[in-house]
Structure formats: C-alpha cells, structure tokens
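*Asks:* Dropping the structure in here first, questions after.
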Amino acid sequence: MSSRSAPTASTTPTDDAPEQLGLVMRAVSLRHGNAAETVQALDNVDLTVRPGELAAVVGPSGAGKSSLLAVAGGLARPGHGTVTVAGQDMTVPSRRTRTELRRQHVGFVFQSGNLLPALTAADQLRLPLRLGPRSQRSGRDPLELLADVGMADKADRRPHQLSGGERQRVGIARALVTEPSVLLVDEPTAALDRARSHEIVRLLAHEARQRSVAVVMVTHDHDVLQYCDTVYEMVDGKLAASS
Amino acid sequence: MFLAIRELNFARLRFALMGAVIALIAVLMVMLSGLSVGLVRDGVSGLQNLPVTSFAFTHDVQRDSAFSRSVVDLSAVDEWASQPGVADAAPFGNTLVNTRTDRGTEIDLALFGVQSDSFLSPAVSQGERLGTADGIVVSPTALDAGLQLGDTVTIDRLGTRLRVVGVTEQQDTFGHVDVAYVPLAAWQAIKSGTAPGAALPQRAATEITAVAVRAAGGKSVDLAAGDTAAGTESLTLKEAYGASPGYTAETTTLQLIQGFLYAISALVAGAFFAVWAIQRKPEVAVLRALGASTGWVLRDALTQALVLLAAAVAIGVGVGLALGALITGSGIPFALSMPSISAAGVGLVVLGLVGAGAAVIRITSVDPATALGGNR
Ligand SMILES: Nc1ncnc2c1ncn2[C@@H]1O[C@H](COP(=O)(O)OP(=O)(O)O)[C@@H](O)[C@H]1O
Ligand SMILES: [Mg+2]
C-alpha cells in the first residue's frame with residue numbers, strides 16, 4: 001500500500017511546486033471485475049501533468065486508457081496509489097467528496113461529445129455551473145467561451161443540429177467553463193475526419209496553454225501527437241513514456 | 001429544474017402523450033367524484049339535513065337495514081332525553097311508500113314520521129310547517145317529480161290520503177327517494193297498515209323506528225351508557241348513513257373504482273418514468289461525471305415528474321369540471337364538490353410521484369465511469 005499522506009496543501013496551492021497544481025498519479029493500480037475474473041486495468045502507473053501541459057496517452061483498445069482517466073477524475077477509486085488534482089486527494093472513499101472535487105477541479109471531454117440532447121450549445125455550458133451550490137457558481141461566461149471555440153453563431157443549436165466537430169468543440173467548452181485545473185479527454189477525435197481532428201487537438205493545445213490547464217488526452221490517432229507536449233504509451237495497464 | 005424544464009420542452013410530444021393519459025385519469029376521477037357525491041346526496045341527504053347526532057335503534061339491529069327493520073318502544077325516548085349531554089331526543093319513524101296524486105302522477109316517498117312540535121320538524125321554504133294531522137312537508141325534489149303544493153296523495157293499497165302543506169329548504173332524499181315529513185301519529189297508522197277511519201291498534205301507538213338524539217353543543221354523549229339504560233343500539237349519524245338502502249354497496253363500489261384509478265395512476269407514471277430513466281442512463285452518467293450529485297439528478301427528475309403530473313392533473317380536472325357542469329342537473333345523481341375533487345387531484349399527483357420516484361431511484365445506481373468511451 002502506498003501512503004496517502006500526500007498533499008494537504010489545498011489551502012495555499014500557490015506555494016507548491018507547479019506540478020502539484022496539475023495532475024499527479026503515483027504507483028496507481030486498479031483492478032476490474034470480481035473474485036472469479038479480474039482485469040488489471042492499471043498496473044503501477046506514475047504520471048505527472050503540469051498546468052499548461054498537453055499529455056497524450058496512446059495504446060491499443062483495452063489497455064486501460066479510459067480507466068486511467070476514470071481514476072484521475074475520481075470516477076473510480078484505485079486499489080493502490082495516490083492521485084491528486086490541484087493538490088486535492090481524488091481517492092477519498094466518500095463518493096460525495098469526490099463528486100464535489102470533480103465539479104470544482106476536473107473537466108471531462110468524452111468521445112463524440114456526449115452532449116445532452118435537450119440542451120442548446122449555450123445551455124450545455126450553463127449546466128456545469130448549476131450543478132453546485134449557488135455560492136460556487138462561478139466560472140467563465142458561456143457565450144464568450146463558445147465564441148473562443150468558434151461556436152458563437154451556433155449557441156442556440158441543439159446537438160442534433162451540430163456536426164461531429166462542432167459537438168466536440170461544445171464538449172471542450174463545457175469542460176472548460178468551470179475553469180478546472182485538469183482536463184481529461186477520452187478519444188476526442190474518434191468520430192472525426194482528419195482535418196476536423198487536427199482542429200480539435202489544436203484547440204485543446206491552445207486552451208491548455210492559454211488557461212494553464214493540465215490536459216490528459218487519450219487517443220488512437222498518432223496523427224495528432226505533434227500538438228502534444230508529452231506522449232505516453234499504455235499497454236496492459238502499464239504506462240511508459242513513448243520513444 | 002434547469003435540465004428538467006428543458007427536457008420537458010425538448011421531448012414535448014412524448015411527455016404530452018404521457019400527460020394525456022394522466023389527464024384522462026383525472027377526468028375520470030372528477031366524474032367519479034361527482035357521481036359519488038351525487039349518489040351520497042341522493043342516498044342520505046335526508047339524514048344529513050337532520051339536526052341529529054345519533055339514532056338509537058333496536059338492540060342487535062342489522063346495521064345495513066336498521067331503518068327498515070328497527071322497532072323501538074316510545075318509552076326509550078324519555079330514557080334518552082334524560083341521558084347526560086343530550087339536548088334533545090325525539091321519536092323518529094321511517095317507511096317507504098308508493099303514492100299517486102289525484103292527477104295520476106305516481107311518486108314514491110320516504111316518510112319521516114316526526115312529532116310536529118319536536119326539534120325534528122323541518123323548516124319550510126314554501127307553505128307551512130308540520131301541524132295538521134294529514135299535512136306533509138316534502139323535499140323540493142318531489143316538486144321536480146310532479147308534485148305540487150296543495151296536492152293530495154293517496155298511499156297505494158292502504159288508501160290513506162295526505163296533503164302537501166309545505167316544502168323543505170333543500171334536497172331531502174333517502175335511498176334515492178324523496179323525503180316526506182309526516183306527523184308521527186299518521187306515520188304510525190301507515191306503518192301498522194291501519195286503514196283510514198279505523199282505530200290505531202294499541203301496540204302501534206307506542207312503536208317508533210328509532211330515537212333521534214341531539215347532543216348538546218360541544219358535549220359528547222356516552223352512547224353505550226344510553227343504550228344500556230334504554231335497551232337500544234345507537235349509530236352515530238354517519239354510521240346511520242350505512243343503514244340507508246343501497247348506500248354501503250354504492251359507496252364501496254365507487255371507492256373501489258377510485259382506489260383502482262389511484263393505483264393505475266401510480267403504475268402508469270411508474271412505467272413511463274421507468275422507461276425514461278433507463279433511456280437516460282447514458283445522460284445521467286455524463287451528468288455524474290460532470291460533477292452532479294445523485295441528489296441533484298434525483299431532484300431534477302422528480303421535479304420533472306411533478307411538473308408533468310401537476311399540469312396533466314390540472315388539465316384533466318378542468319376538462320372534468322366542464323363535463324361535470326354539463327351533466328349536473330340532467331337527472332343523473334351528480335354533484336361537483338371542490339373539496340372532494342381537490343383531494344382526488346392531490347391524490348393523483350402524490351401517487352403518480354410515488355410511482356415516478358420508485359422508477360427514477362434507479363438512476364442513482366448509474367456508474368459515472370460509463371460516460372467514458374469504454375469497452376462496454
Ligand atoms: N467496469 C468494468 N468491469 C470489468 N472490466 C472492466 C471494466 N471497465 C474496464 N474493464 C476492463 O479493463 C480493461 C481496460 O479497459 P479500458 O480502461 O476501458 O481500456 P481502453 O480505454 O484503453 O480501451 C479492459 O480489459 C476492460 O475490458
Ligand atoms: Mg477507452
């Protein structure tokens with residue numbers, strides 16, 4: 001068992017080393033399944049992503065890439081290891097606490113956007129701002145942010161009236177609207193053509209630098225790695241820096 | 001609320017269909033309520049309008065037919081009048097008769113035999129109060145049936161002739177038959193089958209159906225003690241409704257139907273929201289991944305159900321009231337009572353919410369990790 005003594009520095013985050021403000025994973029392991037059949041989805045994973053850094057994780061299907069993001073964002077609890085986001089422990093047992101930490105510090109971008117069908121683009125961005133208590137409802141201006149991702153003229157459209165690339169832009173804007181410390185992105189270009197894929201990853205790289213967000217992007221698409229600061233490879237739950 | 005309202009608007013056709021079903025149930029509910037209240041009024045308004053708190057019937061009387069079977073001795077009246085807390089006690093006689101007017105109109109009457117100077121003697125809206133030996137005071141609904149003030153009616157077979165001298169202030173019916181108040185002596189003659197002009201048998205002069213008792217204002221009467229002293233069996237006024245002909249059967253049937261409607265409302269809402277909750281699972285996973293608590297998701301879903309149910313029930317009740325207004329006064333026993341309809345409306349919403357709640361609770365088990373592009 002690794003110690004969970006790690007950062008209690010949340011009160012004065014500015015005093016910490018820069019990586020403390022991003023994502024830090026140490027010796028993280030995760031098993032899926034039951035006693036009869038278990039899968040080692042994450043095997044002793046170490047990963048540090050600093051604010052403003054865009055890190056890519058590539059690897060075959062089933063390697064554990066989505067599991068890595070789930071653990072980083074507090075959706076799943078690892079069996080071993082420590083995970084901190086902006087100095088906050090994302091492995092606490094309380095689901096409620098992890099949900100709150102996620103709301104405050106983590107943004108998720110999903111495959112094909114995963115937008116809510118009933119909401120317009122602008123409302124997709126307003127939604128995350130309304131999930132917390134009234135006192136915590138600060139963030140970026142939804143319409144400004146939509147303009148930043150090139151969607152100003154489509155703010156009133158619902159997902160079914162948007163193209164795949166447009167949906168993904170809205171998905172990225174939705175993840176950024178709460179000004180998270182860490183952005184976790186799962187195969188954002190899986191449903192996009194080449195040109196659109198490049199646009200989306202360029203947008204991610206731009207936003208990461210502009211807003212000092214630590215971004216982890218899982219991808220199949222080796223084509224877009226040129227925009228990333230660091231590239232990791234994942235095989236059978238093990239993470240290694242790419243050669 | 002944020003998401004709930006937008007979803008209602010986005011999937012309005014689907015929600016409208018569901019709402020229409022609930023609205024139809026609400027329409028039925030209003031109709032049933034109108035019928036219930038109408039039937040109750042038709043069945044027991046004659047009793048409801050009596051200034052009575054309880055009736056003392058024969059000991060061991062069969063409760064669902066007490067008015068037709070009970071025979072009590074007149075002496076019980078004095079015994080009851082002397083009980084603590086009793087303001088008034090008076091003899092009460094009841095019989096159903098078939099009569100016809102001199103014009104040939106046939107009309108059934110529920111005779112209420114009372115002493116003309118007792119507290120049971122009704123106020124009148126037309127004509128005069130009870131007093132003359134053969135004068136009767138009838139319910140205004142008997143006028144609708146063809147009777148007129150001043151008419152003389154003849155009781156079938158017996159030949160006794162009674163004159164309509166007055167009309168009560170409001171609908172007085174008993175077992176769907178119009179009430180006619182008749183002086184106690186005349187009632188005793190009719191009840192015992194004594195022909196006009198013949199002498200009343202000794203025994204008949206001391207027999208009544210029940211002792212009508214009125215408790216003093218704010219006092220309660222110990223019915224058991226009174227029954228022991230007088231050798232009677234008391235029913236409160238409400239309990240006595242059940243002794244009116246057909247009342248229990250009618251009201252239990254309607255209550256059964258209403259109960260089923262409540263259950264159907266809960267099941268329909270439950271089934272709809274169960275399907276809806278299953279369809280929304282991927283969305284709920286996304287919401288949870290974005291940082292929504294299970295409480296937030298549940299509140300949103302229940303708000304949605306509440307808005308839908310309340311709107312549907314309101315529309316249904318509105319339509320029901322409009323239909324009911326058409327039916328009222330058409331001869332069908334039907335009466336719209338706002339307290340009863342409001343209670344039914346609230347009941348529909350609450351039970352619909354229970355059904356919806358049981359269905360949407362399952363979204364709390366959604367694993368937010370499924371929002372990620374997984375292998376499942
Ligand atoms: N909830 C789960 N229960 C059981 N096995 C799972 C679960 N989630 C993922 N797995 C398994 O864990 C491994 C890693 O999955 P995943 O992280 O989704 O891989 P990737 O995203 O790289 O395709 C796979 O073998 C997958 O089948
Ligand atoms: Mg995956």
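*Asks:* So what's the angle, to the nearest 10 degrees on a 0 to 90 scale, between helix A:95-105 and the longest Cα principal axis of chain A?
*Replies:* 50
*Asks:* Hey, another quick one. In terms of Cα to Cα distance under 22 Å, which lysines are near enough to A:Lys65, apart from those fewer than 8 places away along the same chain?
*Replies:* Straight-distance partners of A:Lys65: A:Lys238.
*Asks:* While we're looking at this one, here's another question. In Å, the Kirkwood hydrodynamic radius of segment B:174-332 over pairs of distinct alpha carbons?
*Replies:* Details: mean 1/r = 0.0434 Å⁻¹.
Hydrodynamic radius (Kirkwood, Cα pairs) of segment B:174-332 is 23.0 Å.
*Asks:* Set the Förster distance to 41 Å, then compute FRET efficiency between B:Thr206 and B:Ser342 from the Cβ-Cβ distance, nearest 0.05.
*Replies:* Rounded to the nearest 0.05, the efficiency is 0.25.
*Asks:* Here's another thing I want to ask about it. Hey, rough spin-label estimate for A:Ala147 and B:Thr364, points 7 angstrom out along Cα→Cβ, what's it come to in nanometres?
*Replies:* That separation, rounded to one decimal, is 4.4 nm.
*Asks:* Turning to a different aspect of this structure: What angle, in degrees between 0 and 90 and rounded to the nearest 10, separates the Cα long axis of helix A:164-176 from the longest principal axis of the Cα atoms of chain A?
*Replies:* 60
*Asks:* Connecting C-alpha atoms closer than 10 Å in a GNM of chain A, tell me which of A:Ala63, A:Ala121, A:Ala35 has the biggest fluctuation.
*Replies:* Among A:Ala63, A:Ala121, A:Ala35, the largest mean-square fluctuation in the Gaussian network model of chain A belongs to A:Ala35.
*Asks:* Which shape class, rounded, prolate or oblate, goes with segment A:13-241 when its Cα gyration tensor gives a ≥ b ≥ c as root eigenvalues, a/c under 1.5 marks rounded, and past that a/b bigger than b/c marks prolate?
*Replies:* Here segment A:13-241 falls in the prolate category.
*Asks:* What distance in nm separates the two pseudo spin-label positions at B:Ser192 and B:Glu239, each 7 Å out from Cα along the beta-carbon direction?
*Replies:* Simple spin-label model gives 3.0 nm for this pair.
*Asks:* Cross-link partners among lysines for B:Lys191, C-alpha distance below 28 Å, same-chain residues fewer than 8 apart left out?
*Replies:* Reachable lysines: B:Lys238.
*Asks:* At what distance in nm do the modelled label points of B:Asn98 and B:Leu17 sit from each other, each positioned 7 Å from its Cα along Cα→Cβ?
*Replies:* It works out to 5.6 nm between the two label points.
*Asks:* Cross-link partners among lysines for A:Lys154, C-alpha distance below 30 Å, same-chain residues fewer than 8 apart left out?
*Replies:* Here the lysines satisfying the reach criterion relative to A:Lys154 are B:Lys281.
*Asks:* A further question follows. Treating only the Cβ of Lys, Arg, Asp and Glu as charged (+1, +1, -1, -1), what charge dipole size does chain A show about its Cα centre? Round to the nearest 20 debye.
*Replies:* Values: 28 positive and 27 negative charges, 177 e Å.
That gives chain A a dipole magnitude of about 840 debye.
*Asks:* Here's another thing I want to ask about it. Rounded to the nearest 0.05, what FRET efficiency do B:Gln170 and A:Ser61 have when you use their Cβ-Cβ distance and R0 = 60 Å?
*Replies:* Once the sixth-power term is evaluated, E becomes 0.15.
*Asks:* Relative to the first principal axis of the alpha-carbon coordinates of chain A, what is the inclination of helix A:194-211, with its axis defined by its Cα atoms, in degrees from 0 to 90 and to the nearest 10?
*Replies:* 70
*Asks:* Rounded, prolate or oblate: pick one for segment B:60-230, where a ≥ b ≥ c are the square roots of the eigenvalues of its C-alpha gyration tensor, a/c under 1.5 means rounded, and failing that, prolate if a/b is larger than b/c, else oblate.
*Replies:* Prolate, because a/c is 1.5 or more and a/b exceeds b/c.
*Asks:* Also: Which one of B:Ile136, B:His59, B:Leu372 has its Cα pushed farthest toward the positive end of the charge dipole of the protein assembly as shown, where Lys and Arg give +1 and Asp and Glu give -1 at the Cβ?
*Replies:* Of the options given, the answer is B:Leu372.
*Asks:* Give me the extension gain from B:Ala87 to B:Arg299: residue separation times 0.36 nm, minus the current Cα-Cα distance, reported in nm with one decimal.
*Replies:* Values: separation 212, 0.36 × 212 = 76.32 nm, distance 5.58 nm.
Between B:Ala87 and B:Arg299, full extension yields 70.7 nm more.
*Asks:* Oh, and also: Which listed residue (A:Thr97, B:Pro196, A:Ala63) has the Cα farthest towards the positive end of the charge dipole for the protein assembly as shown, taking +1 on Lys and Arg C-beta and -1 on Asp and Glu C-beta about the Cα centre?
*Replies:* Result: A:Ala63, furthest along the dipole toward the positive end.
*Asks:* At 20 °C and 1.002 mPa s, grab the translational diffusion coefficient of segment B:13-132 from Stokes-Einstein with a Kirkwood Rh over Cα pairs, rounded to a whole number in µm² per second.
*Replies:* Details: Rh = 18.6 Å.
The Stokes-Einstein estimate is 115 µm²/s.
*Asks:* In whole angstrom, note down how far apart the Cα centers of segment B:1-32 and segment B:333-363 are.
*Replies:* 13
*Asks:* Where does each of A:Leu119, B:Leu323 land when they are ranked from fewest to most other beta-carbon atoms within 10 angstrom?
*Replies:* By the 10 Å Cβ count, ascending, the order reads B:Leu323, A:Leu119.
*Asks:* Still on this structure, please answer the following. Filter chain B for me: DSSP H helices, axial length by Cα at least 15 angstrom, mean Kyte-Doolittle hydropathy not below 0.0. List them by residue number.
*Replies:* Both cut-offs are met by B:12-48, B:247-279, B:294-327, B:338-360.
*Asks:* While we're on this one: Based on the Kirkwood radius over alpha-carbon pairs, what value in µm²/s does the Stokes-Einstein equation return for the translational diffusion coefficient of the protein assembly as shown at 37 °C and 0.692 mPa s?
*Replies:* D, rounded to a whole number, is 107 µm²/s.
*Asks:* Please find, in a Gaussian network model of chain B (springs between Cα atoms separated by less than 10 Å), the residue of B:Ser45, B:Ser365, B:Ser121 whose mean-square fluctuation is greatest.
*Replies:* Greatest mean-square fluctuation among the candidates belongs to B:Ser365.
*Asks:* Share of antiparallel DSSP beta bridges in chain A, in percent to the nearest 5? Working shown, then result.
*Replies:* Numbers: 19 of 37 bridges.
Close to 50 percent.
*Asks:* Moving on. What number do you get for chain B when its Cα radius of gyration is normalised by 2.2 N^0.38 Å, N = residues?
*Replies:* 1.39
We did not get these values from a lab; they are worked out from the coordinates using the rules stated. These numbers come from a predicted model, not from an experiment. Ideal geometry is used to build each Cβ from the backbone, glycine not excepted, and the neighbour counts take in all protein chains shown.
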